[in-house]
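What follows is one structure encoded as structure tokens, with my remarks underneath.
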Amino acid sequence: MEKIRVADNNGLKLRGTVKISGAKNAVLPAIAASLLTEDSVRLDNVPLVKDVHTMLTLMKGLGAAYALDGNSLSIAMPSIVSDEASYELVRAMRASILVLGPLLARYGKATVALPGGCAIGSRPIDLHIHGLQKMGAAISLEHGYIKAEAARLHGAEVEFEKKTVTGTENLVMAAALAEGQTILRNCACEPEVTSLCELLVKMGARVESDGPDVLRIQGVRELGGATHRIIPDRIEAGTFLVAGALTQGDILVTGINPAHLETIVEKLKIAGAGIEVDQDRMRVRGSADIRPQDITTSPYPGFPTDMQAQFMVLMTQAQGTSIITETIFDRRFSHVNELMRLGASIEVSGDKAVVRGRTPLSGAEVMATDLRASASLILAGLIAGGQTVINGVEHIDRGYENIEAKLRSLGAKIERISG
Ligand code: EPU
């Protein structure tokens, strides 16, 4: 089993320039969208992370042919070989559910394993299913699989009870090939959703926004190929910005879209970090005086749940008490016990974590349980006295491209070890 070892960085302040990769959560729906056409879709700025490889394995099983050339991917699905996303793949990556809408829309059937439990909460998919049913799909649950069928989906008005990112993405993709008009209300407005809509429009779909969280889609008979650049990963960018603030460093984060980072930047500034923005780059300078603050996660443009664990580490170093409220997922505090093993003072009660700063951290062996939890443990390791060894490295590889190499280029002493 591989582990990540963060050596005693001895008060090292991270310095230098780091280039941000394409967004994991934008490339996964973009790959699923290629199911909607028999033509080839080309995606640039593809991050080479494990979830992308899992998605490509799934696509290959369905009949897709693809070529990866550096960070460019060409993928085509001339005809279907299988309509099934297996339990093995869905369990490895919940975002596999993104093939449900496109398969159903183009081929009239889909069989996708139910995701089941998850390290960060219960994460049901009832809203995806309910929306597709409104569009005419017959859906049954058999032997742990969702079986969906529809000769041709038809347009419908769907109001999401709760904002859901992949739920919105699944329904937009399904509606793109449905007969007639679909109106989706209370849609997730994450940049990754907007970017998917832009790709679909390039493919010939008729998708327009009709208010801040309403999408109007006029279904078409067929879609064609397109070329699309994956947007920068705002969560990877946010993670490096926190690393700069936390180590009192001076980091230039490049290849980003600052508009996607506004809430994160606002919170970093409250914490005392200096931020300068220049087109597609941002410089963060950390201060010795980190200030506490209360943070509540919420759908975009609110504070992202995917940055909650990283900010919690920053708040362990603040002069005072912060309250972090997690409103998106019901069990996304698995990093807390691990951070406490490193010396943090955190108390969880329901959806709130009370973080009492400032506590020095001391290195230990810890276990990562999900992607963002593992990022937070690496951050904690950077400021801990002594060595921190992080188990469960497979989580970090799901969504961060070369995180150790990028951190090393900023001066961090971090390496991957086996054993
Ligand atoms: N929800 C339902 N029913 C549904 C769908 C969602 O109740 O049918 C609930 C969820 O349980 C949760 C809330 O709605 O309480 C929002 O979940 P959402 O559906 O938006 O999450 P997701 O689409 O499964 C995506 C990202 C996650 C990110 C969340 C929230 C992808 C591939 N994944 O998940 O990313 O945390 O949105 O922003 O886009 C990560 O990258 O580490 C990650 C977990």
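Round to a whole angstrom and tell me the spacing of the C-alpha centers of the range 206-247 and the range 1-46.
If we compute the Cα centre of each part, the gap is 14 Å.
May I ask you to give the percent of accessible area on the chain that is carbon plus sulfur, with a probe radius of 1.4 Å?
Its accessible area is 47 percent carbon and sulfur atoms.
Go through K19/K269; K3/K267; K13/K267 and tell me which ones have a Cα-Cα distance over 27 Å in this structure.
K3/K267
For the range 347-386, what does the alpha-carbon gyration tensor say about shape, rounded, prolate or oblate, given a ≥ b ≥ c as the root eigenvalues, a/c under 1.5 as rounded, and a/b over b/c as prolate?
It comes out oblate by the Cα gyration axes.
Sort the range 24-229 into rounded, prolate or oblate with this rule: let a ≥ b ≥ c be the square roots of the eigenvalues of the Cα gyration tensor; rounded if a/c is under 1.5, and if a/c is not under 1.5, prolate when a/b is larger than b/c, oblate otherwise.
It is rounded, given that a/c, with a ≥ b ≥ c, falls under 1.5.
Can you tell me the relative contact order of the range 333-394? Whole percent, Cα pairs under 8 Å, sequence separation 6 or more.
34 percent
Kindly express, to the nearest 10 degrees and within the range 0 to 90, the angle between helix 50-62's C-alpha long axis and the longest C-alpha principal axis of the chain.
20 degrees
What is the dipole size for the range 16-61, taken about its Cα centre, with +1 at each Lys and Arg Cβ and -1 at each Asp and Glu Cβ, in debye to the nearest 20?
Using only the charged Cβ atoms, the result is roughly 220 debye.
Holding the Cα-Cα limit at 28 Å, pick out from K134/K352; K24/K413; K50/K352 the pairs that are longer than that.
As for pairs spanning more than 28 Å Cα to Cα, those are K134/K352; K50/K352.
Just to verify a number: what accessible area does M203 come out at with the full protein assembly present, 1.4 Å probe, Å² rounded to tens?
Result for M203: roughly 10 Å² accessible.
Find the relative contact order for the range 265-380 and round it to a whole percent, using C-alpha pairs within less than 8 Å whose residues are 6+ positions apart.
23 percent
Per DSSP H run of at least 4 residues, take -39500 (n - 2.57); add these up for the chain, divide by its residues and hand me the 222 nm value, nearest 500 deg cm²/dmol.
Computed mean residue ellipticity for the chain: -9500 deg cm²/dmol.
For T325 and T17 in one chain, what is 0.36 nm times their gap in residues minus the Cα-Cα distance, to one decimal in nm?
Residue separation times 0.36 nm, minus the Cα-Cα distance, leaves 107.7 nm.
Could you check the simple spin-label distance between V277 and R185, using points 7 Å along Cα→Cβ, in nm with one decimal?
Reported label-point gap for V277 and R185 is 3.2 nm.
Counting pairs of alpha carbon atoms under 8 Å apart in space and at least six apart in sequence, what relative contact order in percent does the chain give?
21 percent.
Quick one: length gained pulling R221 to D8 fully straight, 0.36 nm per residue minus the C-alpha distance?
That works out to 70.7 nm of additional length.
Quick one: among V265, V348, V165, which has the greatest mean-square fluctuation in a GNM of the chain with alpha-carbon springs under 10 angstrom?
In the Gaussian network model the winner is V348.
Of M340, P212, A150, which is farthest on the positive side of the dipole of the chain, counting Cα position, with +1 on Lys and Arg Cβ, -1 on Asp and Glu Cβ, and the Cα centre as origin?
Value: M340.
Find how much the distance from S418 to E347 grows on full extension, using 0.36 nm per residue of separation minus their present alpha carbon separation; answer in nm with one decimal.
The span from S418 to E347 would gain 22.3 nm if fully extended.
The values are calculated or read from the model by the stated rules, or taken from the named source; none is laboratory data. Since the model is a prediction, treat every value here as computed from it, not as a measurement. All Cβ positions, even for glycine, are placed from backbone atoms using ideal geometry, and neighbour counts span all protein chains on display. Side chains are part of the model used for accessible areas, which takes the heavy atoms of the whole protein and leaves out ligands, DNA and RNA. Shrake-Rupley method; radii C 1.70, N 1.55, O 1.52, S 1.80 Å.
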